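Written below as structure tokens is the structure these notes are about.
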Amino acid sequence: MNTRKIKYFLLVGMWKEENKKRKGILGRSINWLRKLWLAIVFFIRRGHSDYATALSFSTLLAIVPVFAVVFAIARGFDLSIYIEVWFRDLMSSQPQVAESVIKLANSYLVHAKSGVIIGIGLIFMLFSVLSLIYNVEHALDQIWQVEDNRSPMRILIDYTALLFLVPIIIIIISGLNIFLLTIAGSLESYAVLGTMSKFFLKLIPYILMPCFFIVFYVGMPNTKVHVSKAIVPGIIAGVAMIILQYVYIHGQILLTSYNAIYGSFAALPLFMLWVLISWYICLFCAELCYMNQNMDYYAFLIETKDVSYGNQMLMSATLLSLICRRFAEGKTPMTALQLKEETGIPIRVTTDLLFRMRDVNLLTEISGNGDQEPVFQPAQDIANITVGRMKELLDAHPRDKQRKIRTKISDLLSEETLSQLKEAQKQYLQALNNIPLKNVCK
């Protein structure tokens with residue numbers, strides 16, 4: 001198989017209808033290959049490497065305040081020793097970094113309580129922590145194409161709850177780890193049970209790390225993420241992080257000359273590189289999670305920008321006509337996916353056109369309950385919605401951006417030409433106003 005055939009299969013072959021309908025192992029393999037390919041394409045095209053760099057910088061700035069908050073909450077329960085044990089075990093490949101972070105976090109707490117201006121240190125500490133959480137959520141929301149942000153009150157409640165839950169979860173995991181180590185130690189004298197307990201202890205990181213990423217991918221974005229769609233990406237991310245840790249530990253042997261030059265400072269650039277690669281893994285698997293849940297949106301690899309303006313108008317009229325007709329007949333409103341199945345218009349184009357008509361007040365979006373998808377209904381009296389009215393509103397959208405253009409195009413045209421254009425447009429819209437939207441489709 002030459003390079004040309006591989007390229008053809010990736011760009012054309014695996015997207016053909018007959019390959020989409022394949023079942024069994026081959027069908028599932030092609031399906032996951034499509035998801036993996038799109039995850040790679042969008043990871044590069046959407047600039048997630050820039051997000052990874054920005055999040056790495058934010059992590060380095062906030063790592064000490066984050067652990068200072070965690071230690072402070074744990075000390076309130078007199079359980080800070082469990083946090084230190086957990087963190088040293090987590091950073092076993094970077095003991096110098098772990099020791100520095102713990103010392104700086106303790107020093108940070110002392111200065112926050114005894115600063116020159118009381119409360120300034122505490123406010124800055126909380127701001128650093130909350131801003132890191134916000135940046136992580138923003139990056140994931142960009143991957144999930146989320147338009148609506150959390151309200152300030154919800155940000156305060158959710159982030160505060162997260163700050164209190166994380167130390168408690170760490171303490172529970174640390175206590176469970178100590179309990180399992182104790183049991184494993186008591187079983188060493190038994191040949192079979194001792195071997196099984198050691199194997200189980202080695203298996204724990206491969207269970208906890210994927211579970212962490214599954215919870216992270218489900219809970220962090222400001223949108224509904226199905227747990228079933230986050231399992232495989234979470235497992236991939238967890239295993240990749242464990243492999244990265246293994247490579248980092250054993251790779252230090254090859255960097256003895258690097259350590260000899262930089263001494264104790266060698267830990268800092270290596271730790272920065274580890275953080276950067278970790279965010280690469282995290283964001284790529286988040287993109288894979290998005291593709292796993294929204295593969296139907298990319299069934300034809302067609303975006304709205306790939307459709308001509310004229311066809312966009314025809315598609316908009318078709319969608320609006322179906323919605324108006326169902327409303328007139330008293331039937332239940334349809335979701336974007338149902339409209340896509342009814343019309344055959346690619347789901348991404350369908351969604352973009354529906355949102356555009358919502359923005360110009362032709363449609364209203366009704367949010368579903370729980371896992372239900374939102375549905376669309378007419379926002380105006382269907383007797384007043386015509387093809388001309390639709391085109392007039394869509395042509396004028398978005399108004400807010402047009403006001404920012406200082407150049408008046410009308411000043412560049414002759415009065416005669418401008419008058420002819422306006423008259424032609426008026427007659428064109430009047431003709432279209434005679435066509436009710438509900439009568440467009442068969």
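Read-outs throughout are calculated quantities, based only on the coordinates presented, and are distinct from any laboratory measurement. Source: prediction; values computed, not measured. Note that we place each Cβ from the backbone using ideal geometry, even for glycine, and neighbour counts take in every protein chain shown.
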**Message:** Give me the one-decimal nm value for the distance between modelled label points at residue 306 and residue 124, 7 Å along each residue's Cα-to-Cβ direction.
**Reply:** 5.1
**Asked** Each label point is 7 Å from the Cα along the Cα-to-Cβ direction; what then is the distance between the points at residue 441 and residue 207, in nm?
**Response** 5.1
**Fill in**
FRET efficiency for residue 239 and residue 358 from the Cβ-Cβ distance with R0 = 45 Å, rounded to 0.05, comes out at 0.65
**Prompt:** Once you list every other residue whose beta carbon is under 14 Å from the beta carbon of residue 385, what net charge do they have if Lys and Arg are +1 and Asp and Glu are -1?
**Reply:** +4
**Fill in**
Surpassing 24 Å at the alpha-carbon level, of the pairs 103/198; 391/422; 103/202, are 103/198; 103/202
**Asked** Fully extended, how many nm does the chain gain between residue 380 and residue 416 (0.36 nm per residue separation, minus their Cα-Cα distance)?
**Response** 9.3 nm
**Complete:** For residue 159, the net charge from surrounding residues (Cβ-Cβ under 11 Å; K, R +1; D, E -1) works out to 0
**Item:** Gain on full stretching of the segment that runs from residue 426 to residue 169 - 0.36 nm per residue minus C-alpha separation
**Value:** 85.9 nm
**Request:** Mind listing the long-range amide H neighbours of residue 363? Cut-off is under 5 Å, sequence gap 5 or more, other chains count too, H placed in the peptide plane at 1.01 Å from N.
**Result:** 358, 379
**Asked** Separation between the residue 45 and residue 328 pseudo-spin-labels, each 7 Å from Cα along Cα→Cβ, expressed in nm?
**Response** 3.8
